[in-house]
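Below: one structure, written as structure tokens.
The values are calculated or read from the model by the stated rules, or taken from the named source; none is laboratory data. Please read these numbers as outputs of a predicted model, since none were measured by experiment. Methodologically, a virtual Cβ is constructed for each residue, glycine included, from the backbone with ideal geometry; neighbour enumeration extends over all protein chains shown. For accessibility, only protein heavy atoms count, side chains too; no ligands or nucleic acids. Shrake-Rupley method; radii C 1.70, N 1.55, O 1.52, S 1.80 Å.
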Amino acid sequence: MITKAVILARGLGKRMRAENETAKLDEKQAEIASQGIKALMPILGNKTLLDFIFESLSKAGFTEFCLVIGNEHQAIRDFCSKLNYKISFAIQEKPLGTANAVLAAENFVKDEQFLVVNSDNLYPVKDLERLRKLDSAGLIAFDKQNLLSKSNIDEEKINKFAVLSLDENDYLTKIIEKPETTEKEAFISMNAWVFSPKIFQACKQISPSDRGEFELTDAVNFAIKNLDEKFTAIYSNEGVLDLSSRSDVEKVKEKLNETRK
């Protein structure tokens, strides 16, 4: 069984830092927003997004956590020092993309399978648990229409997410980053993966994208094509909560309150 979870928390938070006069933020939320540290955003009282992420991962059966951060993210270290979880840190020296961020966790993972998720998303617990029980690499394939209806993410944004090409055996054949169009019946990646150590070899082999970053989607496609890696799709009809900007804070709070009723 997979026990290790890597949480990508190296982002610069540019969208969160951007001013938004219509966003309803209290004083503490505004302070965190100005720092761009999305994972530490208080959502319900003093309970942060990172609190909810750890809770979800723990409920799904994960017991060891590694946050990929930058040297400047001392606030995340300080916050985690007060939590009762087994937490490690991996340093991504520069924000060189998601593949480079995953590569930073190689020493934590060693030769085991492991989960990778974003620090600004809250995923369905039951799907995370299904991922954990895989005996191969895999990912959650989110149904576009349910993602629209059950998330706080609008269609314009979802249409920019990576689209999955899957075969009749539910294996991933290709992941398409930033597609020109997204079909109504598409399956979407929200960056929730189980990887084998093969992904590190792929992350080391790929070239930077046009925007100068090492993309995890490129590493996945490389692993499929060149390393004979098979990624099993876990189909989901659930939604994902996304905290990218200040306007998302109230929406995420509302969705969390709905689930607690």
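If VAL109 passes every condition in (1) touching a Pro at 6+ places or on another chain (Cβ under 7 Å); (2) surrounded by fewer than 19 Cβ atoms within 10 Å (Cβ to Cβ) but one, which one does it miss?
Answer for VAL109: the failing condition is (2).
So, in segment 247-261, of the ones that are among the basic types (Lys, Arg) and touching a strand residue (DSSP E or B) at 6+ places or on another chain (Cβ under 6 Å), which residue ends up most open to solvent (accessible area, probe 1.4 Å)?
Let us first name the residues in segment 247-261 that are among the basic types (Lys, Arg), namely 251, 253, 255, 260-261.
From what's left, touching a strand residue (DSSP E or B) at 6+ places or on another chain (Cβ under 6 Å): 253, 255.
Values: LYS253: 73, LYS255: 46 Å².
Going through the qualifying residues, I end up with LYS253.
Being touching a strand residue (DSSP E or B) at 6+ places or on another chain (Cβ under 7 Å) and among the β-branched types (Val, Ile, Thr) is the requirement here; does ILE37 meet it? Reasoning before the result, please.
Values: touching a strand residue (DSSP E or B) at 6+ places or on another chain (Cβ under 7 Å): no; among the β-branched types (Val, Ile, Thr): yes.
The answer is no for ILE37.
Need pairs with beta-carbon distance below 6 Å; first residue open to solvent by 40 Å² or more (accessible area, probe 1.4 Å) and within segment 13-35, second among the polar types (S, T, N, Q); sequence gap 6+ or separate chains.
What qualifies is ARG15/SER244; ARG15/SER245; ASN20/SER247.
How many of the residues in segment 210-231 are surrounded by 19 or more Cβ atoms within 10 Å (Cβ to Cβ) and either part of a loop (DSSP other than H, G, I, E, B) or under 19 Å from the mean Cα position of the chain (by Cα) (or both)?
10
Can you spot a residue in segment 165-181 that is free of Cβ contacts under 8 Å to residues at least 60 places away in the same chain and surrounded by 19 or more Cβ atoms within 10 Å (Cβ to Cβ)? Explain how you work it out, then say what you get.
Pass one, segment 165-181, residues free of Cβ contacts under 8 Å to residues at least 60 places away in the same chain: 165, 167-169, 173-181.
Imposing the further condition that a residue be surrounded by 19 or more Cβ atoms within 10 Å (Cβ to Cβ) reduces the set to 175.
Scanning segment 165-181 turns up at least one residue that is free of Cβ contacts under 8 Å to residues at least 60 places away in the same chain and surrounded by 19 or more Cβ atoms within 10 Å (Cβ to Cβ).
Check off (1) more than 29 Å from SER196 (Cα to Cα); (2) exposed (fewer than 12 other Cβ atoms within 10 Å of the Cβ) for PRO42 and give me the number that stays unchecked.
So the condition that PRO42 fails would be (2).
Which one of SER244, SER207 is open to solvent by 40 Å² or more (accessible area, probe 1.4 Å) and among the small types (Gly, Ala, Ser)? Give the derivation first.
Values: SER244 fails: open to solvent by 40 Å² or more (accessible area, probe 1.4 Å).
Of SER244, SER207, the one residue that is open to solvent by 40 Å² or more (accessible area, probe 1.4 Å) and among the small types (Gly, Ala, Ser) is SER207.
From GLU177, GLU213, GLU168, which residue is modelled with pLDDT under 90 and among the acidic types (Asp, Glu)? Explain how you work it out, then say what you get.
Values: GLU213 fails: modelled with pLDDT under 90; GLU168 fails: modelled with pLDDT under 90.
Going through GLU177, GLU213, GLU168 in turn, the sole match is GLU177.
Hey, any hits in segment 131-150 for a residue that's part of a loop (DSSP other than H, G, I, E, B), in contact with a strand residue (DSSP E or B) (Cβ under 8 Å, 6 or more places away or on another chain), without any contact (Cβ under 8 Å) to a residue 60 or more places away in the chain and open to solvent by 30 Å² or more (accessible area, probe 1.4 Å)?
Just the residues of segment 131-150 that are part of a loop (DSSP other than H, G, I, E, B), to begin with: 133-136.
When the remaining residues are screened for being in contact with a strand residue (DSSP E or B) (Cβ under 8 Å, 6 or more places away or on another chain), the result is 134, 136.
With the extra rule that they be without any contact (Cβ under 8 Å) to a residue 60 or more places away in the chain, the set shrinks to none.
Scanning segment 131-150 turns up no residue that is part of a loop (DSSP other than H, G, I, E, B), in contact with a strand residue (DSSP E or B) (Cβ under 8 Å, 6 or more places away or on another chain), without any contact (Cβ under 8 Å) to a residue 60 or more places away in the chain and open to solvent by 30 Å² or more (accessible area, probe 1.4 Å).
For TRP193, all conditions in the list (1) surrounded by 15 or more Cβ atoms within 10 Å (Cβ to Cβ); (2) farther than 23 Å from LEU96 by Cβ hold save one; what is the number of the exception?
Tallying (1) surrounded by 15 or more Cβ atoms within 10 Å (Cβ to Cβ); (2) farther than 23 Å from LEU96 by Cβ, TRP193 fails exactly one: (2).
Criterion first (of a type in the set (Phe, Trp, Tyr) and in contact (Cβ under 8 Å) with a residue 40 or more places away in the chain) does PHE195 satisfy it?
Numbers: of a type in the set (Phe, Trp, Tyr): yes; in contact (Cβ under 8 Å) with a residue 40 or more places away in the chain: yes.
In short, yes.
Does PHE187 count as surrounded by 15 or more Cβ atoms within 10 Å (Cβ to Cβ), touching a helix residue (DSSP H, G or I) at 6+ places or on another chain (Cβ under 9 Å) and under 14 Å from ALA99 (Cα atoms)? Spell out how you get there, then give the answer.
Working: surrounded by 15 or more Cβ atoms within 10 Å (Cβ to Cβ): yes; touching a helix residue (DSSP H, G or I) at 6+ places or on another chain (Cβ under 9 Å): yes; under 14 Å from ALA99 (Cα atoms): no.
No.
Which ranges mark the helices (runs of 4 or more DSSP H) fully within segment 38-106 that have 1 or more residues being modelled with pLDDT under 95? Before the answer, list the steps.
Numbers: elements: 49-59, 74-80, 98-103.
The helices (runs of 4 or more DSSP H) meeting that bar are 74-80.
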